[in-house]
Amino acid sequence: MTTLATNTKQPFIKSRALRRFLSHRLALIGLVMVLSLTAACFIGPYLLPYDELHIDLLARFAPPGTGGHIFGTDPLGRDIAARLFHAGQISMAVGFAVMVIATCIGSVVGVVSGYYGGKVSAVLMRIVDAFLSFPSVFLLLALAAFIQPGPVMIALIISATSWMEVARIVEAEVKSLRNQDFVQAAHMLGMSNRWIMFRELLPNAIGPIIVAATLTVARAILLEAYISFLGYGIQPPLPSWGNMLNGAQQYLASAPWLAIVPGVTITIAVAGFNFIGDGLRDAFDSRSDHQ
Amino acid sequence: MLRYILSRLGQSLILLLIVSFIGFAVLTLAPGGPLSQFALSPGMTQEQIDKIAAQMGLDRPVWIQYFDWLRHLVVGDWGTSYRDGQSVLHVIGSHLFATLLLMGTATVISVTLGSSIGIYSALKRGGTFDYAMTVFAMVALSIPTFWFGLIAIYVFSLNLGWLPAGNMYTVGDGSLIDYLRHLIMPAMVLALVDVAIWSRYMRTSTLNVVKQDFVRTAKAKGLTRRRVLLKHIVGNSLVPMITLAGLQLPMVLGGALVTETVFTWPGMGRLFLDSLGYSDYPVVMGLLMASAMLVLIGNLLADLTVALIDPRIRLD
């Protein structure tokens, strides 16, 4: 596979990072997992005979594969496959929203702290430390218990507990760059602080930011599952992967598919993003040559 | 040394102050508040609610409430539970042991298992085992802890009938064996994620140590492979892991919360959820503070241990 790329005079794929990513087997598997899951969630509902809200009390607890229910039915006789795909749209949307929000907050905090240093940095980084010393599930539940738990609010509060890592990464990167010549040059050219921070410094940290952002999607999907499972996340009838598991425990003996199907799906989604993140890390970091 | 400890203690106190502020802000500024449940009951008039608010001191400005609460916190008065009127410290204290037992057991499992996997992966770097463990670690990090617990209950309790599905002991039994039988499954479930993390970091750490000169010297001296491994590699690879153990604490604690719920384990996690359900603010707040304290103390102890073990680290 690699000989093909090196033998040609002009490599087919020019970006070195992209080439390294594509030669990372696990990352490709992750990409396939995420893409097929996304496709299933957005196309699947059109192919299924039942919609996710259709209640059929005569078909309660149908095992997978019976009566056209590929993953069986839940305690209300709703088709689990249909619910799973709709839940996937919501859970993944929450995951991506958290990625965007948390990465933005983290980048701004990180770049400001790294650029100004001194007292600004001390204060901001202590706040980061403080947020990191709560177990995030505790803080998340405390927040979730008192809000209107719609997907938007859930995405916001998960973001509120997920921005710290990006902040630390960006801070470290910017700190190491701010005394370099190109930054001095920008100062002498009379660029504003804001321009230097966001146009000169931040783009240099883009690799680690992308890696952290990918891992944030995985983390957000997991956290949504945690709080929805505990009953404080997205509320029924709106399905999410987490709240489909809420209540699965009491039917564990009679209808184990209620627990197995959404759990396996969550694991596939999260593992997919983690694999991609790992591949990206190797691709951007030339030092970690398949260590 | 003393100066270092004092300055670290000072930093931790400042962090705790910020933590308390964040926690208090979250609980106070959230809509609803402790009075919402009274407002829901139909027989309540606004005057009665106001009276309760005055009794609880909730009619005062927020910042006064905060400083008042903080002042009491410092002298060890963490308030009383709205639910049963017991002191918050007492309520938390009575749930602390169960959580620490669960976390402790899980940590022992994950350290032993994770370090072994990590060292072996590093020594056989690039081999099948190493690759399989890389994949295992990433999959393990992707499994929701609570779901893994459900599956474990399904397999080991419902199908095989080997282990009890929940609680800390059987009423009327309470022998050591009985405790252990209840402990093993939640502890293993909680340990899974940590085994994955430990094995990864231990692998990296071992790879760094193997490259060092003193390992080459030891080999050159003609020591057996076994002796080099046990005396020179394992110990030195473990040192950075102590810091990691401290940093992992919030995650283990958060995992314990969810694991406790699945296994009806009577620890802080269950207490937290129950208190949230009852809008029992003093207990929720107390638990947030207690968990942050646990984390900070854990980090402090980890750093001090590293400093004691590793003479290269200078403290002043």
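The values are calculated or read from the model by the stated rules, or taken from the named source; none is laboratory data. Every value quoted in this text rests on a predicted model; they were computed, and no experiment measured them. Don't worry about glycine lacking a Cβ; one is built from the backbone with ideal geometry, like all the others, and counts go over all protein chains shown. What goes into the accessible areas is simple: the full protein's heavy atoms, side chains included, and nothing from ligands, DNA or RNA. Shrake-Rupley method; radii C 1.70, N 1.55, O 1.52, S 1.80 Å.
Would you please classify the overall shape of the protein assembly as shown from the alpha carbon gyration tensor, given that a ≥ b ≥ c denote the square roots of the eigenvalues, rounded means a/c under 1.5, and beyond that prolate means a/b larger than b/c while oblate covers the rest? Present the calculation step by step, with values, prior to reporting the outcome.
On the way: a/c = 1.32, a/b = 1.15, b/c = 1.15.
Here the protein assembly as shown falls in the rounded category.
Maximal additional length on extending the residue A:191-residue A:122 stretch stands at 22.3 nm, based on 0.36 nm per residue less the C-alpha distance. Only helices enter this figure: runs of n ≥ 4 DSSP H residues, each worth -39500 (n - 2.57), summed and divided by the residues of chain B, yield -24000 deg cm²/dmol at 222 nm to the nearest 500. Residue separation of residue B:100 and residue B:278 scaled by 0.36 nm, minus their Cα-Cα distance, works out to 61.7 nm of gained length. The mean sequence separation of alpha-carbon pairs under 8 Å and at least six residues apart, normalised by the residue count of segment B:94-271, gives a relative contact order of 37 percent.
Pick out the long, greasy-scoring helices in chain B: whole DSSP H runs spanning 20 Å or more along their own axis by Cα, mean Kyte-Doolittle at least -0.5.
Qualifying helices: B:2-29, B:88-123, B:176-210, B:235-262, B:281-309.
Projecting the alpha carbon convex hull of segment B:134-190 along each direction and taking the average yields 4.4 nm².
Between residue A:53 and residue B:84, what FRET efficiency comes out of the Förster formula 1/(1 + (r/R0)^6) with R0 = 51 Å and r the beta carbon distance, rounded to 0.05? Numbers along the way, then the final one.
On the way: r = 41 Å, r/R0 = 0.80.
FRET efficiency, residue B:84 to residue A:53: 0.80.
Applying a DSSP loop filter and a limit of 14 other Cβ atoms within 10 Å to the trypsin sites (Lys or Arg not before Pro) in segment B:221-316 leaves B:221, B:312, B:314. Each part gets one Cα centre, and for segment B:186-209 versus segment B:153-168 those centres are 26 Å apart. The label point for residue A:25 and the one for residue B:231, both projected 7 Å from the Cα toward the Cβ, are 3.9 nm apart. For chain A, the membrane-span-like helix rule (DSSP H, alpha carbon extent of at least 24 Å along the helix axis, mean Kyte-Doolittle at least -0.5) picks out A:25-47, A:80-116, A:206-229, A:257-284; this says nothing about an actual membrane.
Taking A:43, A:206, A:221 in turn, the Gaussian network model of chain A (Cα-Cα springs below 10 Å) assigns the largest fluctuation to A:43.
Charging the Cβ of each Asp and Glu at -1 and of each Lys and Arg at +1, and nothing else, the dipole of segment A:46-162 about its Cα centre rounds to 400 debye. Once R0 is set to 41 Å, what does the formula 1/(1 + (r/R0)^6) return for the Cβ-Cβ distance between residue A:251 and residue A:100, expressed as a FRET efficiency to the nearest 0.05? Computed FRET efficiency for residue A:251 and residue A:100 comes out at 0.70. If a/c stays under 1.5 just call it rounded; otherwise compare a/b with b/c (prolate if a/b is bigger, oblate if not). Do that for chain A, with a ≥ b ≥ c from the square roots of the Cα gyration tensor eigenvalues. It comes out oblate by the Cα gyration axes.
Report, as an integer, the average count of C-beta atoms from other chains found within 10 Å of each Cβ along A:269-279. Please list the in-between numbers first.
On the way: counts 1, 6, 7, 1, 1, 5, 4, 0, 1, 3, 0.
If you average over the peptide's residues, the count of other-chain Cβ atoms is 3.
Amide hydrogen proximity for residue B:80: with H placed 1.01 Å from N in the peptide plane, the residues at 5 or more positions away or on another chain lying under 5 Å are B:88. Remark: spin-label model distance residue A:199-residue B:297 equals 5.3 nm, labels positioned 7 Å along the Cα→Cβ axis.
How large a share of the accessible area of segment B:94-271, in percent, is made up of carbon and sulfur atoms when the probe is 1.4 Å and the other protein chains stay in place? Working shown, then result.
Values: 5470 of 8200 Å².
Using a 1.4 Å probe with all protein chains present, segment B:94-271 comes out at 67 percent carbon and sulfur.
Pairing chains A and B buries close to 4100 square angstrom of accessible surface in total, based on protein heavy atoms and a 1.4 angstrom probe. Accessible surface for segment B:89-171, divided over its residues, is 47 Å² per residue with a 1.4 Å probe.
Name the residue from B:109, B:145, B:184 whose Cα lies farthest towards the positive end of the charge dipole of segment B:94-271, charges +1 on Cβ of Lys and Arg and -1 on Cβ of Asp and Glu. Checked the options; the winner is B:109. So for chain B, averaging the separation of alpha carbon pairs under 8 Å that are six or more residues apart and normalising by length, what relative contact order in percent results? RCO, chain B: 27 percent.
Accessible area per residue for chain A, computed on protein heavy atoms with a 1.4 Å probe, is 46 Å².
Relative contact order of chain A: what whole-number percent is it, with Cα pairs under 8 angstrom and at least 6 residues apart? Before the final figure, lay out each step's value.
Working: 424 pairs, mean separation 73.6, N = 291.
For chain A, the relative contact order is 25 percent.
With r defined as the distance between the Cβ atoms of residue A:238 and residue A:61 and R0 fixed at 22 Å, what FRET efficiency is calculated, to the nearest 0.05?
Details: r = 22 Å, r/R0 = 1.00.
The calculated FRET efficiency here is 0.50.
Fully extending the segment from residue B:160 to residue B:63 would add 29.3 nm, taking 0.36 nm per residue of separation and subtracting the current Cα-Cα distance. Which shape class, rounded, prolate or oblate, goes with segment B:43-99 when its Cα gyration tensor gives a ≥ b ≥ c as root eigenvalues, a/c under 1.5 marks rounded, and past that a/b bigger than b/c marks prolate? Since a/c reaches 1.5 but b/c is at least a/b, the shape of segment B:43-99 is classed as oblate.
For chain A, what is the calculated [θ] at 222 nm in deg cm²/dmol (nearest 500), taking -39500 (n - 2.57) for each run of four or more DSSP H residues and dividing by its residue count?
Helix-only estimate at 222 nm: -21000 deg cm²/dmol.
Computed with the Debye formula from one identical point scatterer per Cα of segment B:176-293, without solvent, the log10 of I(q)/I(0) at q = 0.22 Å⁻¹ comes to -1.15.
In this label model, residue B:125 and residue B:11 are separated by 3.1 nm, measuring between points 7 Å along each Cα→Cβ vector.
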